[in-house]
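Readers should treat all values here as calculations from the given coordinates under stated rules, not as data from a laboratory. Note that the structure is predicted; figures quoted are calculated from it, not measured. Glycine gets a Cβ as well: all are built from the backbone with ideal geometry, and neighbour counts include every protein chain shown.
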Amino acid sequence: MEKIVSLCKRRGFIFQSSEIYGGLNGFWDYGPMGVELKRNLKDFWWRRVVHEREDMVGMDGAIIMNRAVWKASGHEETFSDPMVDCKTCKARHRADQLPKKDGVPYCPNCGGRDLTEPRAFNLMLKSYAGPLETDENLVYLRPETAQAMFVQFKNILETSRKKLPFGIAQIGKAFRNEINPRNYTFRSREFEQMEIEYFCRAEDGLALTDYWLEERLKFYEDIGIPRSKIKIHDIPDGERAFYSKKTYDLEYEFPFGVSELEGVAYRTDYDLSAHIKHSGKPLEYFDDEKKEKFVPHVVEPSAGVDRTALALICEAFDEEEVADEKGNKEVRTVLRLHPRMAPVKCGIFPLLKNKPALVEKAKAIAASLRPHMMVFYDEAGAIGRRYRRQDEIGTPFCVTVDFDTIGENGPEKVDTVTLRHRDSMEQERIPISELRARLEAAIF
């Protein structure tokens, strides 16, 4: 994990937030490569679950909502974790995540066993909407994106004119005041979610839960995380949320252990019914064909953007021994990201930066590709070093403009370039006129 964290900082994926002031635990900033990775992930998720389906619409809810939303949903009263203090080193921990020795929990910080009794700690971050910090102005930064989709159900139903079953999708920030943020970006206090609330009839809920499990497994395969690397945990009775009839956790083996990547939960009609009760507003669905009114049930596939991005990096990270230009052995660090997830799709290099004809041609190729994909022009250093830099950020292809390209070695290879493949390091010669089509076919 240390090598991955080092790579992420060195190559501009992830930085500690507020780093020059000592950072802030549980908060992270994404650099130039990290933001492109996240954007590719979110765009592909949106394309797959919204644009390619007839039964899905999107929304973008506010981060701060009326406090009554969180009272109705139960978050204000019950959204908490059990917290304990270590009396020896004063560290605070989640009581349910403490390591144990001989069945006795101990502090992972100092090893002490002198702990306070667990007490409930509400995870919602508070703020105030208005000029006075009074109880009536108290608001929360949302701990999940789901509730906005429930409270806007009626508006979206009427404006989209959808029939059951249909879903609402949303990508957005959420905040949880974690007792002990840990494992890099995996458990943070500010994070981003990709959530679906898929509304259906009660009799279809269990079958649709299984359907969405399969859909989500296909999605992970399509972004470079094999199905074989995902463990499906069918949460047993007694461990699920009280309103859930079925919940699957999709778990990935991170370097720090097997942890949840996404949950697919059958939430029944709990959320809509709670908001009907507390708001007094009708959120039922009317079936025109059967002439009946009822509260829909809902299946919720909920994924974390940050967790998935971290899983992509962990899955792609590799080191191998290769020979450099002089035949010496060296370790090549490479991110074998799926091309559609890679921050940069193609690196463009002139063989030498002091040859104007090479530079001009390479820059022209970069300019022609830039409207269609993310490219990176680089003329600094030996060509092997430039390849290695692109390997470390997961760039699947590199193009080199050399003397054959500009005809100095004869007319046979004029306007052709060397296309280098990241994973195999093999190179092939292709015409510039075919370059864009070749890249797009391999990437998208």
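Would you mind getting me the FRET efficiency between Thr88 and Ile63? Use the beta-carbon distance for r and R0 = 41 Å, nearest 0.05.
With a Förster radius of 41 Å, E is 0.60.
Give me the three principal axis extents of the chain from the C-alpha atoms, as integers in angstrom, largest value leading.
Answer, in whole Å and largest first: 80, 66, 48 Å.
Give the angle, between 0 and 90 degrees and rounded to the nearest 10, that separates the Cα long axis of helix 270-279 from the longest principal axis of the Cα atoms of the chain.
With rounding to tens, the tilt is 60 degrees.
With everything on Cα atoms, drop me the angle between helix 383-393 and the longest principal axis of the chain, reported from 0 to 90° to the nearest 10.
10
Could you line up His275, His297, His338 from fewest to most neighbouring Cβ atoms inside 10 Å?
His338, His275, His297
Counting only C-alpha contacts under 8 Å and six or more residues apart, can you give the relative contact order of the chain as a whole percent?
Worked out over the chain, it gives 12 percent.
Would you mind calculating the gained length between Leu132 and Ala241 on full extension (0.36 nm times residue separation, minus the Cα-Cα distance), in nm to one decimal?
35.6 nm
With angles folded into 0 to 90 degrees, how steeply does helix 32-46 sit against the dominant principal axis of the chain? Use alpha carbons for both and round to 10.
It is inclined by approximately 60 degrees.
Quick one: Cα convex hull volume of the stretch 344-443, Å³ per residue?
88
Only Lys, Arg, Asp and Glu count, each charged at its Cβ (+1, +1, -1, -1), so figure out the dipole size of the chain about its Cα centre, rounded to 20 debye.
Here the size comes out at about 820 debye.
Can you give the Kirkwood hydrodynamic radius for the stretch 262-416, in Å, rounded to one decimal and based on Cα pairs?
Hydrodynamic radius (Kirkwood, Cα only) of the stretch 262-416 equals 20.4 Å.
Residues with amide H under 5 Å of Glu192's amide H, sequence separation 5 or more or different chain, H placed in the peptide plane at 1.01 Å from N; which?
Residues meeting the criterion, in which the H sits 1.01 Å from N, are Ala174, Val305, Asp306.
Work out, step by step, the length gained on full extension between Ser18 and Val35: first 0.36 nm times the residue separation, then minus their alpha carbon distance; give nm to one decimal.
My answer for the length gained is 4.4 nm.
With a cut-off of at most 10 other beta carbons within 10 Å, and DSSP calling the residue loop, which chymotrypsin sites (Phe, Trp or Tyr not before Pro) in the stretch 195-280 qualify? Please list them.
Phe242
What spacing in nm lies between the two simple spin-label points modelled at Ser228 and Val414, each 7 Å away from Cα in the Cβ direction?
Once both label points are built, they end up 5.0 nm from each other.
Using a 7 Å offset from Cα along Cα-Cβ at Met425, what residues in the stretch 379-407 end up with backbone N under 16 Å from the label point?
The answer is 382-398, whose backbone nitrogens lie closer than 16 Å to the label point.
From the cross-link list Lys71/Lys277; Lys38/Lys231; Lys245/Lys291; Lys42/Lys71; Lys9/Lys38, which pairs have alpha carbons spaced over 21 Å apart?
Lys38/Lys231; Lys245/Lys291; Lys42/Lys71, as the Cα separations exceed 21 Å there.
Testing the spin-label approximation: label points 7 Å from Cα along Cα→Cβ at Thr116 and Lys9. State their distance in nm.
Label-label distance for Thr116 and Lys9, simple model: 3.2 nm.
Calculate the FRET efficiency for Asp102 and Glu253 from the Cβ-Cβ distance with a Förster distance of 25 Å, rounded to the nearest 0.05.
0.35
Can you list the HN-Hα couplings for the stretch 181-193, worked out from phi with the Karplus curve (6.51, -1.76, 1.60; θ = phi - 60°), rounded to whole Hz and with x for Gly and Pro?
x, 7, 6, 6, 8, 5, 10, 10, 8, 10, 8, 10, 10
Could you tell me how far the Cα centroid of the stretch 317-357 sits from the Cα centroid of the stretch 30-80, in Å?
What the calculation gives is 35 Å, centre to centre.
Between Asp222, Asp271, Asp404, which gets the highest mean-square fluctuation from a Gaussian network model of the chain, Cα cutoff 10 Å?
Taking springs between Cα atoms under 10 Å, the residue moving most is Asp404.
Give me Cys346, Cys110 sorted ascending by neighbouring Cβ count inside 10 Å, so fewest comes first.
In increasing order of surrounding Cβ atoms, one gets Cys110, Cys346.
Tell me, what is the FRET efficiency for Glu284 and Phe444 to the nearest 0.05, using R0 = 60 angstrom and their Cβ-Cβ distance as r?
0.90
Taking amide H atoms as placed 1.01 Å from N in the peptide plane, list the residues 5 or more away in sequence, or in a different chain, whose amide H sits under 5 Å from that of Met374.
Lys345
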